[in-house]
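Just below is one structure, and these are the notes that go with it.
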Amino acid sequence: MRLGLLVRLFTASHGRIDVEPSAGAAKPRWERSTVTRSEFEASLDLAAEIGAEVVEITQAGQPAAAELLVANAPLRRDLRAMIADRGLSIAALNAAGMPLHPRIGGRARRLIRRTIELASLLDVGTVISMSGTGADGPAASTVNWVSFPWPEESVALRERHWQAAVGLWRDLAGYATSRGVERVALELHPIHLVYNVPTFMRLQDAVGPVIAANVDPSHLFWQGMDPVAVVRALGDSVAHVHVKDTQLIGGEVATAGVLDGRPFGADAPRAWVHRTVGRGHGDDVWTAFFEALREVGYSGALSLENEDPYQDYAEGVREAAAYVRPLLRGLE
């Protein structure tokens, strides 16, 4: 397994690479809508500094940069050079989004297709995405995630979402295969149809083995799932891994539960919050997780994704890398 870092690709808001920070530049990196080229290169520098071998490149939900790269061979060569000059390679391209959203789903679907096309041009075999979930009728403005098997009309709505999802992913899986992309790894993520092992298996059974899994333990922890059991159940369907932790706050869980809907952020009380790896769960949990990955034959990237609201981003990434490396050496 190879240590990696998830980095945001520079954006191209007006058909060219952004060079000025956006108005939301003060937001945490995972909430930023635009990233300049200099910020992208700084992330590559950080990846090299922590000893990462690979990077996973995500696109902040915007297809413009992928479209620019697909159309521009010199810019793709420039991108390759930026990465290779730092001793890195690309493990996967990430096109996370909500492809069944009633308002922005079209943009998300375009991003996924352009990312598949870009992956083909860059000889990257894995594209990361999310399954999506639908809405309650054609006039809806947002998604309607049904996670409770009652009342009957909600169950029927979820089945309509599944019909749409199967059709969409059969089309996208076929497109990926036609472009030489081997796996489309869907993150098991609540608010999407695919968020646990049974829902993943349902989609893979309907679409085929091109559909794989991106396992992020942080989303499993707060649901009360066991990442080791998840990895063993998925087996060779694990095509990518995010390394991110979640802290469960006992007193808050006792009264708010794991479905706590209060806002994210360092100042808001919550039952759970994403943390730098090692700050939510200890060595025994993470060692068992890495051992399970090795048992099922996973040899890909361990992509550090930091969304800890209590730490500076770079500080958290450095801490995560320093935490993970000894655990991996212990498995050699």
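The values are calculated or read from the model by the stated rules, or taken from the named source; none is laboratory data. The shown structure was predicted, so the numbers you read here are calculated from the model rather than taken from an experiment. Here Cβ is always computed from backbone atoms with ideal geometry, including for glycine, and neighbour counts include all displayed protein chains.
Out of everything in segment 265-275 that is in contact with a helix residue (DSSP H, G or I) (Cβ under 9 Å, 6 or more places away or on another chain) and either assigned to a loop (DSSP other than H, G, I, E, B) or among the small types (Gly, Ala, Ser) (or both), what residue ends up being modelled with the lowest pLDDT?
Filtering segment 265-275 down to residues in contact with a helix residue (DSSP H, G or I) (Cβ under 9 Å, 6 or more places away or on another chain) leaves 269-272, 274-275.
Next, only the ones that are either assigned to a loop (DSSP other than H, G, I, E, B) or among the small types (Gly, Ala, Ser) (or both) stay: 269-271.
Working: 269: 91, 270: 95, 271: 97.
Applying the filter and picking the extreme gives 269.
Scanning segment 81-107 for residues that are buried (at least 22 other Cβ atoms within 10 Å of the Cβ) and of a type in the set (Gly, Ala, Ser), which turns out farthest from residue 63 (Cα to Cα)?
Of everything passing the filter in segment 81-107, 91 is farthest from residue 63 (Cα to Cα).
Would you call residue 295 more than 18 Å from the chain's Cα centre (by Cα), of a type outside the set (A, V, I, L, M), more than 24 Å from residue 131 (Cα to Cα) and surrounded by 15 or more Cβ atoms within 10 Å (Cβ to Cβ)?
Against the criterion (more than 18 Å from the chain's Cα centre (by Cα), of a type outside the set (A, V, I, L, M), more than 24 Å from residue 131 (Cα to Cα) and surrounded by 15 or more Cβ atoms within 10 Å (Cβ to Cβ)), residue 295 does not qualify.
Looking only at segment 35-64, filter to residues that are within 13 Å of residue 93 (Cβ to Cβ) and β-branched (Val, Ile, Thr); which one of those is surrounded by the fewest Cβ atoms within 10 Å (Cβ to Cβ)?
Only one residue tops the list, namely 54.
Assess whether residue 153 counts as being of a type in the set (Asp, Glu), part of a helix (DSSP H, G or I) and at pLDDT 95 or above.
For residue 153, the condition - of a type in the set (Asp, Glu), part of a helix (DSSP H, G or I) and at pLDDT 95 or above - is met.
Under 9 Å between Cβ atoms, which residue pairs at least 6 apart in sequence (or on different chains) link something in segment 276-293 that is over 15 Å from residue 221 (Cα atoms) and at pLDDT 95 or above with a partner that is of a type in the set (Lys, Arg) and assigned to a helix (DSSP H, G or I)?
So the pair list comes out as 292/232.
Which of the following residues is among the aliphatic types (A, V, I, L, M), more than 16 Å from the chain's Cα centre (by Cα), under 25 Å from residue 64 (Cβ atoms) and part of a helix (DSSP H, G or I): 173, 206?
Of 173, 206, the one residue that is among the aliphatic types (A, V, I, L, M), more than 16 Å from the chain's Cα centre (by Cα), under 25 Å from residue 64 (Cβ atoms) and part of a helix (DSSP H, G or I) is 173.
Quick one: which residue in 65, 52, 47, 92 is under 24 Å from residue 132 (Cα atoms), of a type in the set (A, V, I, L, M, F, W, C), outside any strand (DSSP E or B) and touching a residue at least 24 places away in the same chain (Cβ under 8 Å)?
Residue meeting the stated conditions: 65.
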